[in-house]
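Novice: What follows is a structure written as structure tokens; I'll ask about it next.
Only the coordinates and a few stated rules stand behind these numbers; no lab work does. A quick note: this is a predicted structure, and the numbers were derived from the prediction, not measured. Every residue, glycine as well, gets a Cβ built from its backbone with ideal geometry; the counts of neighbours run over all protein chains shown.
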Amino acid sequence: MINLLIMGKPGAGKGTQAKKILDHFNLTHISTGEIYREEIKKGSYIGQEAKKYLDQGNLVPDKMTNDIVRGVLSTTEFENGFMLDGYPRTISQAEALDEMLNKRQIQLTAVINVDVDDDIISDRMSGRRVCSNCGETYHLEYQQPKVDGVCDVCGHQLIQRPDDLKESVLNRLKIYKNKTQPLLDYYEQKDLLRVIDGENSSDRVFEDILKKLGEL
Ligand code: ADP
Ligand code: ZN
């Protein structure tokens, strides 16, 4: 079993790498951001609560997020392992996760941090577009769809995520620094952290990830 955690600032390319890793190792994906966006689309109670935070780029309260992950971890069978994406994002979430994993006697294999400088982040974020239907991501410059404004995968319209607007991005970066960055030390101390240079091409970044995981 390979149980990974993937971390990175908003716009670090975490989502792209997550997909490659998932396919490669056939892991179960647990993305709290995706779970929240699904709930918002459904208009569920969780979705309505979460939307207040997501649109501004704020974190959903820890208790709600921990409860969701606890639910997923306790009801899912992982054949090959899992990849947690976007969770934990605070020390208290990390502690909650440790407790959940201990209870099930599950070990983390590694924590991957896709590392990118701030100035590159804002450039990447302003051009990012996502499919309003399937969530596939594109970039106006670096990863254009075949037809302008239209998703290659499902043909629906591409939009800018509300939390990709400039104000929200700056807020998300600030929150990342204050709340999430301390997790790097937390996992370094457990000797789990693998830092990857995220400023290269996405294929190169993926190669580096495999190398650091001892695959190549
Ligand atoms: P990013 O593109 O920044 O990696 P995600 O898709 O992981 O974003 O998450 C989008 C939003 O969902 C976050 O800005 C936050 O509002 C909410 N969210 C996702 N994961 C968590 C979490 N672990 N704790 C609190 N809020 C979360
Ligand atoms: Zn689509």
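Novice: Treat the count of other C-beta atoms within 10 Å as a stand-in for reagent exposure and order Asp85, Asp67 from fewest to most.
Specialist: So the ranking, lowest neighbour count to highest, is Asp67, Asp85.
Novice: To continue, here is another question. Take every DSSP beta bridge with both residues inside the chain and express the antiparallel ones as a percent of the total, to the nearest 5.
Specialist: For the chain, the DSSP antiparallel bridge percentage is about 30.
Novice: Next up: With θ taken as phi - 60° and the coefficients 6.51, -1.76 and 1.60, list the Karplus ³J(HN,Hα) couplings across the stretch 64-76 in order, rounded to whole Hz; mark glycine and proline as x.
Specialist: 4, 5, 4, 4, 5, 5, 4, x, 5, 5, 8, 10, 10
Novice: What list of ³J(HN,Hα) couplings, whole Hz, do you get for the stretch 193-208 from phi and the Karplus terms 6.51, -1.76, 1.60, once you set θ to phi - 60° and write x for glycine and proline?
Specialist: 6, 10, 8, 10, 6, x, 8, 7, 4, 5, 5, 5, 4, 5, 4, 4
Novice: From the helices alone, meaning DSSP H stretches of at least four residues, give me the mean residue ellipticity at 222 nm for the chain, per-run term -39500 (n - 2.57), in deg cm²/dmol to the nearest 500.
Specialist: Result for the chain: -13500 deg cm²/dmol, rounded to the nearest 500.
Novice: Under a 5 Å amide H to amide H cut-off, with H placed in plane at 1.01 Å, what residues pair with Ala110 once short-range neighbours are removed?
Specialist: Asn3, Leu5
Novice: Order these by the 10 Å Cβ neighbour count, fewest first: Tyr176, Tyr142, Tyr186.
Specialist: Tyr142, Tyr186, Tyr176
Novice: Next up: Rank-order 11-20, 187-196 by packing density, defined as the average count of other C-beta atoms within 10 Å over each peptide's residues, highest first.
Specialist: 11-20, 187-196
Novice: How large is ³J(HN,Hα) for each residue in the stretch 5-21, as worked out from phi by the Karplus curve 6.51 cos²θ - 1.76 cosθ + 1.60 (θ = phi - 60°), to whole Hz, x for Gly and Pro?
Specialist: Values per residue, Gly and Pro as x: 10, 10, 10, x, 4, x, x, 6, x, 4, x, 4, 5, 4, 5, 5, 5 Hz.
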